[in-house]
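The values are calculated or read from the model by the stated rules, or taken from the named source; none is laboratory data. None of the values given here were measured: they were computed from a predicted structure. Neighbour counts are summed over all protein chains in view; Cβ atoms, including those assigned to glycine, are modelled from backbone coordinates with ideal geometry. What goes into the accessible areas is simple: the full protein's heavy atoms, side chains included, and nothing from ligands, DNA or RNA. Shrake-Rupley method; radii C 1.70, N 1.55, O 1.52, S 1.80 Å.
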Amino acid sequence: GHDVWLLQPQTFMNRSGQAVGALARFYRILPAEILVVHDELDLAPGVAKLKIGGSTGGHNGLKDISAALGTHDYWRLRIGIGHPRSLNLQQPVIDFVLHRPRAEEQAPIERAIEKSLDIIPLLCAGKPEQAMHLLHTARPA
């Protein structure tokens, strides 16, 4: 019973705001009605967190989206990919984020994405607190 637009920008990640801003303006979508799904270095692979607003954390795609929307107050679904230092890798961050995850991180990331899909109906129904609780609560393996 809700219109939902899925946007996968064809721009470079650090220019995502061009696409998000254009769609929001054309369809009169409020920032608080937008959910941006992105990788998150500060979360371990397999962890997913939902929040509204806050810092861009140095994420260039989020910086561009915030600039295009004129606010930081939109939803973010953060999918943990880990940080090369926390994963004991001697790899620069830029190389780390531009390559596919290692096999041992891929499965937990996929599980986090699957768990994240479960909360979309709650978000569409205007129940973000329930969505956060479901996503942030550990499930038995």
Exercise. In percent, how large is the relative contact order of region 45-97, given Cα pairs closer than 8 Å and 6 or more residues apart?
Worked result: 43
For this session: Compare A112, A67, A44 in a GNM of the chain, Cα atoms joined below 10 Å, and give the one with the largest fluctuation.
Result: A67
Seminar exercise, completed: Carbon/sulfur accessible area of the chain, % of total, 1.4 Å probe, equals 57
Seminar exercise, completed: Counting only residues 5 or more apart in sequence or on a different chain, those whose built amide H sits under 5 Å from that of I34 are W75
Problem set entry | In Å², nearest 10: area of T11 left accessible to a 1.4 Å probe | 50
Seminar exercise, completed: Sorting T56, I94, C124 by the position of each Cα along the dipole of the chain (Lys, Arg +1; Asp, Glu -1; all at Cβ), the one nearest the positive end of that ordering is T56
Exercise. For the chain, with only Lys/Arg (+1) and Asp/Glu (-1) charged at the beta-carbon, what is the dipole magnitude about the Cα centre, in debye rounded to 20?
Worked result: 120
Exercise. Between I34, I94, I109, which gets the highest mean-square fluctuation from a Gaussian network model of the chain, Cα cutoff 10 Å?
Worked result: I94
For this session: Have a look at L77, L50, L30 and tell me which one the Gaussian network model of the chain (Cα, springs below 10 Å) gives the largest fluctuation.
Result: L30
Problem set entry | Probe 1.4 Å - accessible area at E104, Å² to nearest ten | 120
Exercise. What do you reckon, how do H72, H38 stack up by accessible area (1.4 Å probe), largest on top?
Worked result: H72, H38
Problem set entry | Cα-only radius of gyration and Dmax that characterise region 1-51, units Å | 12.9, 36
Problem set entry | the chain - accessible surface per residue (Å², probe 1.4 Å) | 65
Problem set entry | the chain: relative contact order as a whole-number percent, Cα under 8 Å and 6+ apart | 27
